[in-house]
1. On the given criteria, is CYS216 farther than 25 Å from GLN149 by Cβ, outside the structural domain of THR268 (by the TED database) and surrounded by 11 or more Cβ atoms within 10 Å (Cβ to Cβ)?
2. Of all the strands (runs of 3 or more DSSP E) wholly in the stretch 1-40, which have at least 2 residues that are in contact with a helix residue (DSSP H, G or I) (Cβ under 8 Å, 6 or more places away or on another chain)?
3. From the list ASN132, ASN96, which residue is modelled with pLDDT of 70 or more and of a type in the set (S, T, N, Q)?
4. Among residues belonging to the stretch 338-376 that are assigned to a strand (DSSP E or B) and among the hydrophobic types (A, V, I, L, M, F, W, C), point out the one that is modelled with the lowest pLDDT.
5. Being farther than 23 Å from SER376 by Cβ, in contact (Cβ under 8 Å) with a residue 24 or more places away in the chain and in the same structural domain as VAL257 (by the TED database) is true for just one of ALA245, ALA182. Which residue is that?
6. Say whether the condition of being open to solvent by 60 Å² or more (accessible area, probe 1.4 Å) and of a type in the set (Gly, Ala, Ser) is met by at least one residue in the stretch 185-199.
7. It is to be established whether one or more residues within the stretch 346-357 are open to solvent by 60 Å² or more (accessible area, probe 1.4 Å) and farther than 19 Å from GLU250 by Cα.
8. Restricting to the stretch 305-333, and then to whatever is open to solvent by less than 60 Å² (accessible area, probe 1.4 Å) and outside any loop (DSSP other than H, G, I, E, B), can you tell me which residue is farthest from GLU255 (Cα to Cα)?
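The values are calculated or read from the model by the stated rules, or taken from the named source; none is laboratory data. Everything quoted here is computed from the prediction, not taken from an experiment. Don't worry about glycine lacking a Cβ; one is built from the backbone with ideal geometry, like all the others, and counts go over all protein chains shown. Accessible surface is based on the protein model in full, side chains and every heavy atom, while ligands, DNA and RNA are left aside. Shrake-Rupley method; radii C 1.70, N 1.55, O 1.52, S 1.80 Å.
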Amino acid sequence: YALFVHSCRLVLLLRQDPSQARAYKPAEFHWKLNQVCDKEWHHYVVNVEFPAVSLYVDGVSYDPFPVTEDYPLHPSKIETQLVVGACWQEYTGNENDNETVPETSAGGELHMAQFFRGNLAGLMIRSGKLENKKVIDCLYTCKEGLDLQMADGLGKGVKIHMNPSQSSLTVEGDDLERVDKAMQHLSYLNSRQFPTPGIRRLKITSTARCFNEEACVSIPSVEGYVMVLQPEEPKISLSGINHFARSASEFESSEGVSLFPELRIISTITREVEPEGDGGEDPTVQESLVSEEIMHNLDMCEVTVLGEELNQEQESLEIDMTRLQQKGIEMSSSNLGMIITGVDTMANYEEVLHLIRYRNWHTAALFDRKFKLVCSELNGRYVSNEFQVEVNVIHTASPVEHANHIAAQPQFIHPVHHSFVDLSGHNLANPHPFSVVPSTATVVIVVCVSFLVFMIILGVFRIRAAHQRTMRDQDTGKDSEMDWDDSALTITVNPMETYEDQHSSEEEEEEEEEESEDGEEDDITSAESESSEEEEGEQEEDQQNVNRQQQLEWDDSTLSY
């Protein structure tokens with residue numbers, strides 16, 4: 001098939017595939033339209049339901065003028081290609097177009113020719129599905145334009161004409177007053193949920209018709225504008241589980257792991273609420289902000305891989321295409337991630353994103369993967385937050401036999417029955433216990449712990465013995481300080497002294513000793529800080545002095561009376 005412009009005509013070429021039945025069928029459809037060559041922008045929609053073909057230009061349907069029939073194509077080895085803006089055909093040498101790009105193939109020399117001389121604002125091809133008139137009108141008709149709602153009785157004698165795009169409106173009438181009332185009901189309509197702010201310029205051109213052929217009054221044009229204010233911008237928020245772990249077996253399964261199992265998409269706007277009553281006139285009263293949740297559509301969600309790109313040989317992002325096509329949403333994927341496009345509600349986008357699953361059939365060297373999700377509305381005018389998800393891989397423990405180089409004693413040798421060890425989440429499950437040969441590490445650990453306990457006990461014992469030795473040294477030092485130093489005393493013994501003198505002197509000495517003892521007892525009573533061992537030492541010393549005085553006699557020969 002081909003759609004092209006030829007001599008201000010729009011032509012659709014539709015040839016049959018090669019077949020054995022050589023029957024004439026419609027092959028060319030022609031439309032002779034003024035819009036094709038008026039150098040203005042127009043919107044074309046072609047619906048093909050073979051053998052019927054319908055054309056819509058600016059929302060208005062047109063039937064083809066001539067229809068030419070032809071036989072099916074001849075079999076050919078030339079591969080078909082979709083080309084926009086030119087024709088891919090066999091080179092014959094007769095073309096004078098300098099922009100040809102020849103290319104040699106098995107069927108001959110092919111090239112680009114018959115280029116389109118014009119501008120294209122967009123192109124969409126939908127295979128296997130037709131659009132109804134309502135959808136076509138929605139594609140072309142802008143959601144903003146002029147509108148004229150006349151009440152019953154006011155529209156009498158007035159004719160109203162409006163183009164499909166609602167950008168131009170004509171009011172005709174013979175009664176000037178009725179025309180004025182019709183113009184007073186003319187309004188600007190914008191049904192977009194988030195209209196584009198800015199100025200919409202208007203121009204009113206008036207023409208007067210006179211009954212005679214004399215020159216009528218010339219009415220000047222009037223220009224004006226309508227200002228569209230900035231709407232409240234929605235804030236699109238993505239939330240859900242952003243970090244979880246799954247076993248390696250789930251990643252390697254045919255279903256894979258769901259990346260966004262509990263994803264929620266909400267949109268809110270913030271409005272200013274004026275105070276009630278007389279608060280609006282009081283400058284001290286401030287306006288309050290209220291956040292409201294709203295519902296609107298999304299047109300794209302993008303899932304991006306963070307880190308290394310996807311290795312198509314061992315991992316992939318997958319989605320149920322059947323469910324996706326039922327909602328009319330399209331998907332494209334690459335090594336960088338996945339892009340979902342199509343205008344639909346936030347609830348439907350949630351369901352679609354829940355279907356995205358990540359598979360990896362070689363998880364031996366994989367520990368985690370990170371992904372980023374971003375959704376937008378109105379071709380990226382409003383963008384959501386970046387929702388990042390981290391997925392960890394829990395590797396299953398598999399038993400591996402290692403060579404044991406330790407010669408074990410016979411009593412430690414038992415048959416070892418290996419069983420599969422499963423990791424469910426983070427818990428180690430071992431339903432069948434089995435005997436294990438003591439390893440070298442276990443023996444070394446037991447010996448080290450025993451030696452450490454022995455050293456601790458020995459250290460405590462040595463510290464205790466040293467403490468006791470120090471206490472005994474301190475007690476011995478105190479006893480040595482309490483001994484009487486009599487090295488400075490000189491005693492002379494007179495053997496000629498009589499026993500009476502000795503006895504009288506002993507009595508005097510005893511009285512003196514008693515007085516001294518009384519004084520010492522007073523001193524001991526006042527000094528309560530001295531120990532009992534010092535008191536016993538003083539008493540023993542006094543007793544020794546008494547005995548010594550009893551054995552000695554006083555020598556008073558040198559005294560002068």
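1. Yes, satisfied.
2. 9-13
3. From the options ASN132, ASN96, the qualifying one is ASN132.
4. Checking each candidate, the answer is VAL343.
5. Criteria check complete, one pass: ALA245.
6. yes
7. yes
8. Restricting to residues being open to solvent by less than 60 Å² (accessible area, probe 1.4 Å) and outside any loop (DSSP other than H, G, I, E, B), the top hit is LEU306.
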